[in-house]
Each structure stands twice: as structure tokens, then as C-alpha cells.
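To keep things clear, I will list the structure first and then write my remarks on it.
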Amino acid sequence: RTGSGKSSRVKQRVTLPGGMSDVPSASSRTVVLIGRTGSGKSSRVKQRVTLPGGMSDVPSASSRTVVLIGRTGSGKSSCANTLANSLDMFPESEGSVSKTKYVQAKEVTFEWGKKTYSLKIVDTIGIGDTKLSDEEVYTRLAHACHECREGINAVYFVTGGRFTIPEADAWDILWQVLFGSEILNFTTIVRTQFRKFRDAKATKQDIEDMKTESTAALRIMHNVKNPIMYVDNPPADYGATQNRKDSRSILLTHL
């Protein structure tokens with residue numbers, strides 16, 4: 001409780017699950033702020049999330065960091081592989097059990113125009129994993145803060161169809177508690193597995209369908225500022241390599 005005296009100088013190390021190191025670097029600091037909406041916990045966001053401890057919040061002109069979140073089976077890890085131009089860098093799942101049990105971060109390079117960029121892709125645990133409790137999922141989502149300690153350029157909220165209440169709840173935790181409301185300016189909903197992603201009329205109709213069929217979609221779409229991005233990135237063994245290539249260009253454009 002606020003004012004109870006629970007907070008003090010912490011001398012013991014915190015044990016973190018998922019194989020993450022609990023020993024801080026001498027030159028780095030990480031802090032997670034938790035509080036009521038409007039309490040002042042959110043820090044200023046420009047191109048990346050502002051970070052404490054003297055670390056720069058100005059992104060390098062040649063580097064990008066993107067975080068992917070979404071329901072298990074939504075095509076989230078497939079999106080990560082599409083961004084990485086890889087077939088299997090991130091394990092993909094089509095069922096109700098997530099292949100991504102912990103936050104995974106990989107760094108790749110990509111060419112854009114005449115420049116070479118470094119891209120850090122942070123793939124989070126799938127929301128709705130039938131083998132994990134909500135608390136376990138939220139805890140592991142919080143580990144994304146550690147992987148993004150140098151800043152975030154974009155958050156891709158991936159959906160393969162209709163949003164669910166657990167997705168909306170998890171999203172509220174992410175922006176209200178972990179990252180702060182200004183991260184909404186850098187979040188884009190990515191609609192995957194949409195074969196007509198090149199058809200503007202079809203994508204417009206899909207947006208209207210989501211709004212009328214799901215209260216969870218309304219909760220999420222109300223807060224996300226950027227237009228929905230449509231792609232089709234089926235698993236590599238399904239073929240449709242041109243769709244993956246075109247989808248990659250769309251995903252990279254928004255970075």
C-alpha cells in the first residue's frame with residue numbers, strides 16, 4: 001500500500017525467470033514503474049521510450065527496435081521471421097500452445113534504399129497460452145522491458161482475425177503499467193493471414209467488421225493511433241513466398 005513503508009533500499013538481487021541475468025551491468029540501469037493511470041509514472045517518448053540511468057533515448061540513425069505482441073497462433077512469430085527474412089529464426093505455432101515461452105530477441109540487418117540498418121526484433125510470449133496463467137503471461141511480457149532497455153521504435157500488435165478479451169487485458173497492462181501511454185503513438189495493429197492485403201476495399205471492410213463484432217477490438221483500436229497494417233505471411237512451408245516478400249516490405253516501411 002502507498003505510504004506503508006514497504007519501499008526501501010534493496011540489497012538483494014531479484015531472481016528473474018526465463019534465463020535472464022539478474023546481475024546488472026555496471027554501466028546500465030533498468031527500472032519498471034507501476035502506478036495508477038494519471039499518476040505520473042509515464043515518461044516522455046519521442047522516437048524511443050525514454051530510459052533512466054543516463055542511457056540515450058535517441059535512436060541511432062541506422063538501428064531500429066520493434067516489439068511484437070499478440071495472441072498465440074495469430075502469426076506473431078511468423079511476422080518476426082518475415083521481418084528477419086528467415087524461415088525459422090523464431091519458432092512458429094498454429095495451435096493454442098505458444099512456441100514462444102519467453103521473450104526472444106534477435107538482431108539482423110536489412111537493406112533499405114542505399115543504407116544498411118540494424119534491426120532488433122523482440123518476440124514476446126503468445127497471449128492466451130493454454131498452459132500458462134494470466135499472471136505468468138503478464139510477468140513474461142514484462143521481460144520485454146529488459147530487452148528494450150535501449151529504446152523502442154515500434155510496437156506491432158499482431159492479430160490473425162478478431163481480438164479477444166485476454167488480448168485487450170494484456171494490452172492494457174502493457175501500455176498503462178509497463179510502457180506508459182505515449183507508447184500508443186508508436187503502436188501499429190498488424191492484421192496477418194489476410195490474403196487480400198493488397199485490396200484497399202477488402203481491408204476497409206475488415207476494419208468495419210472488427211469494430212462491430214468485437215468489444216475487445218474497440219478497446220484496442222480506440223487507443224492505437226496508427227492505421228492498421230495488413231499483411232499475409234503464411235508459414236514458409238505453405239508457399240506464397242511473394243506474399244511474404246511483399247509483407248516484409250510493408251512491415252519494414254513502418255519502421
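Laid out as a table, the results:
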{"quantity": "For L119, residues with placed amide H under 5 Å, excluding near neighbours", "calculated": "R64, V108, T109, F110"}
{"quantity": "Neighbourhood charge, 15 Å Cβ-Cβ cut-off, centred on V231 and excluding it, Lys, Arg +1 and Asp, Glu -1", "calculated": "+3"}
{"quantity": "Ordering of 197-207, 224-234, 149-159, 71-81 by burial proxy (mean other Cβ atoms within 10 Å per residue, highest first)", "calculated": "71-81, 149-159, 224-234, 197-207"}
{"quantity": "Antiparallel bridges, percent of DSSP beta bridges restricted to region 106-255 (to nearest 5)", "calculated": "50"}
{"quantity": "Derived scalar couplings ³J(HN,Hα) [region 188-202; Karplus, 6.51 cos²θ - 1.76 cosθ + 1.60; whole Hz; x for Gly, Pro]", "calculated": "10, 6, 10, 8, 9, 6, 10, 4, 9, 5, 8, 9, 4, 5, 5"}
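Values quoted throughout were computed directly from the atomic coordinates according to the rules given, and no laboratory measurement underlies them. Note that the structure is a prediction, hence the values are computed from the model and not measured. Using ideal geometry, Cβ is built from the backbone for each residue, glycine included, and neighbour counts are taken over all protein chains shown.
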